[in-house]
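This report concerns only the one structure given below.
The values are calculated or read from the model by the stated rules, or taken from the named source; none is laboratory data. Please read these numbers as outputs of a predicted model, since none were measured by experiment. No Cβ is skipped: glycine too gets one built from the backbone with ideal geometry, and neighbour counts run over all protein chains shown.
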């Protein structure tokens, strides 16, 4: 589950830049699957970086369609 401060609407792209180790680990496990999908949920309280957030109970399934590696982070759509 990937918590964000913005909503992912079904059928819409959501470019992400990953740099936190926990999300790089999530990305590695998602890319190892036959279907590279993961859940995205809106943060109700707290922040995207560092954890400790409260999340809404409904989210959206996301599918990775491209991955680009940059220095210190990974971008995906």
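Details
Here's the yes/no breakdown for (1) under 16 Å from residue 75 (Cβ atoms); (2) touching a strand residue (DSSP E or B) at 6+ places or on another chain (Cβ under 7 Å); (3) outside any loop (DSSP other than H, G, I, E, B):
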| site | (1), (2), (3) |
| --- | --- |
| 3 | no, yes, yes |
| 11 | no, no, no |
| 14 | yes, yes, no |
| 42 | no, yes, yes |
| 50 | no, no, no |
| 61 | no, yes, yes |
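- You will find that of 18, 4, the residue that is touching a helix residue (DSSP H, G or I) at 6+ places or on another chain (Cβ under 6 Å) and at pLDDT below 90 is 18 and no other.
- Top-ranked residue in segment 41-64 [being touching a residue at least 40 places away in the same chain (Cβ under 8 Å) and closer than 17 Å to residue 13 by Cα; ranked as surrounded by the fewest Cβ atoms within 10 Å (Cβ to Cβ)]: 60
- Conditions (1) part of a loop (DSSP other than H, G, I, E, B); (2) at pLDDT below 85; number of the one not met by residue 75: (1)
- Condition check for residue 25: in a loop (DSSP other than H, G, I, E, B), surrounded by 10 or more Cβ atoms within 10 Å (Cβ to Cβ) and out of contact with any strand residue (DSSP E or B) (no Cβ under 7 Å at 6 or more places or on another chain): no
- Segment 28-40, residues that are in a loop (DSSP other than H, G, I, E, B) and in contact (Cβ under 8 Å) with a residue 24 or more places away in the chain: 35, 36
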